[in-house]
1. Being more than 20 Å from the chain's Cα centre (by Cα), among the aliphatic types (A, V, I, L, M) and open to solvent by 40 Å² or more (accessible area, probe 1.4 Å) narrows it down to one of Val100, Val134, Val127, so name that one.
2. Which residue pairs have Cβ atoms under 7 Å apart, sit 6 or more places apart or on different chains, and have a first residue in the range 104-119 that is of a type in the set (Val, Ile, Thr) and open to solvent by less than 20 Å² (accessible area, probe 1.4 Å) and a second that is part of a loop (DSSP other than H, G, I, E, B) and more than 7 Å from the ligand (Cβ to nearest atom)?
3. If you scan the range 187-200, which residues turn out to be free of Cβ contacts under 8 Å to residues at least 60 places away in the same chain and either within 16 Å of the ligand (Cβ to nearest atom) or open to solvent by less than 30 Å² (accessible area, probe 1.4 Å) (or both)?
4. For the range 7-42, which positions are in contact with a His (Cβ under 6 Å, 6 or more places away or on another chain) and assigned to a helix (DSSP H, G or I)?
5. Take Ile78 and tell me if it is under 21 Å from the mean Cα position of the chain (by Cα), under 20 Å from Gln165 (Cα atoms) and surrounded by fewer than 24 Cβ atoms within 10 Å (Cβ to Cβ).
6. Among Ala177, Ala161, Ala216, which is the only one that is at pLDDT 95 or above and more than 22 Å from Val80 (Cα to Cα)?
7. Specify which of the listed residues (Ser105, Ser61, Ser136) is closer than 17 Å to Ala173 by Cβ and hydroxyl-bearing (Ser, Thr, Tyr).
8. In the set His283, His262, which member is away from the ligand (no atom under 16 Å from the Cβ), touching a Lys or Arg at 6+ places or on another chain (Cβ under 7 Å) and open to solvent by 10 Å² or more (accessible area, probe 1.4 Å)?
Amino acid sequence: EKGGYDHFMLKEIYEQPRAILDTFRGRMLANEGIIRMAGVDDNIEKFVNANRILIVACGTSWHAGLVAEYVFENLTRIPVEVEYASEFRYRNPIITENDVVIAISQSGETADTMAAIKLAKSKGAFVFGVCNVVGSSISRETDAGAYTHAGPEIGVASTKAFTTQITVLTLIALKLAQKKGTISKSEFHQYLSEMDAIPAKVEKTLESANHVKTIADIYKDATNFLYLGRGYNFPVALEGALKLKEISYIHAEGYPAAEMKHGPIALIDEQMPVVVIATRKGHYEKVVSNIQEIKSRKGKIIAVVMQGDKSIKKIADYVIEIPETLELLTPLLTTIPLQLLSYYIAVMRDCNVDQPRNLAKSVTVE
Ligand code: M6R
């Protein structure tokens, strides 16, 4: 059942090229320049006329929502807010009939997310679900939706659900951008053909597994980790830190790279590994200077860079390369080595990777 892998988590990490492909297969016709998704097409007016999009979710799904915030705002120019379902639910939020609420949930059973959906519906908002489990409670409660076709996710630590959530949300954003005319035809085509190439690039990224394992061996005994990223990759930093906490029980925090100097830099010493997502696109120079600040305080740098990177190679202790792609799509690649890093560290620390202590696959209490 684990298909020859030691753990479900590893199997699910390796399933990502296929899972992402399954998520856009039949929905995105890259050559023809078409995206069709019944749940979106049937409600297209609600989406394009939305005053704002509110995203509600928990945990890893909330991180996917944060990536989507950057993607939607950039492509569609619709204002987006991302809320923890549990906070949204209990603070008398402002919701109107002109809001579109997107609820993201792998299991489709998360109680906090369900409660947020019911509240949004009671205020007259249109609620769209992005779920993985077909026929789940959330997929039934929402007005419309789109499934991530990731296949069953057994490991408690969410992996392929995250990348397929980002895939679905990016398709929706692209569809709306095309409809609204907020991106040019040629940009639209470029995004589609780059998305088409993502499964193969995820496959390529997975080839760095052995190298990541070596890095894991070096830092497995650390007691703290920092994860830094900017823009589209800031939520990936949060997700990388969550993954490490969950399965290896090492304390980790994710930060937007530039926030370092506003506090967390005080934590840096020779014991502190810092994972920096530093793709050549998007604030690259700034991230390079963030890395220099860490180096000069003797922090250890593990950098996720784009193939062919030269400057960061010179200053980082270790680099992990991902193939070149458009900045907006980089989270689909940068996530992979962070999943592998936490996986290998957890295995080396003898942790129960698939069923970490105190955690359940779906959290059905509020
Ligand atoms: O099933 P959901 O996506 O609604 O679950 C939300 C969180 O409970 C979930 O992502 C949790 O944070 C995972 N254990 C993360 O790996």
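1. Val134
2. As it stands, the answer is Ile117/Thr142, since those pairs meet every condition given.
3. Hits for the range 187-200: nothing passes.
4. Asp22, Thr23
5. yes
6. Going through Ala177, Ala161, Ala216 in turn, the sole match is Ala216.
7. The conditions single out Ser61.
8. So the residue among His283, His262 that is away from the ligand (no atom under 16 Å from the Cβ), touching a Lys or Arg at 6+ places or on another chain (Cβ under 7 Å) and open to solvent by 10 Å² or more (accessible area, probe 1.4 Å) is His283.
The values are calculated or read from the model by the stated rules, or taken from the named source; none is laboratory data. Keep in mind the model is a prediction, meaning the values are calculated, not measured. Methodologically, a virtual Cβ is constructed for each residue, glycine included, from the backbone with ideal geometry; neighbour enumeration extends over all protein chains shown. Note: accessible area is taken over every heavy atom of the protein model, side chains too, but ligands, DNA and RNA are not part of it. Shrake-Rupley method; radii C 1.70, N 1.55, O 1.52, S 1.80 Å.
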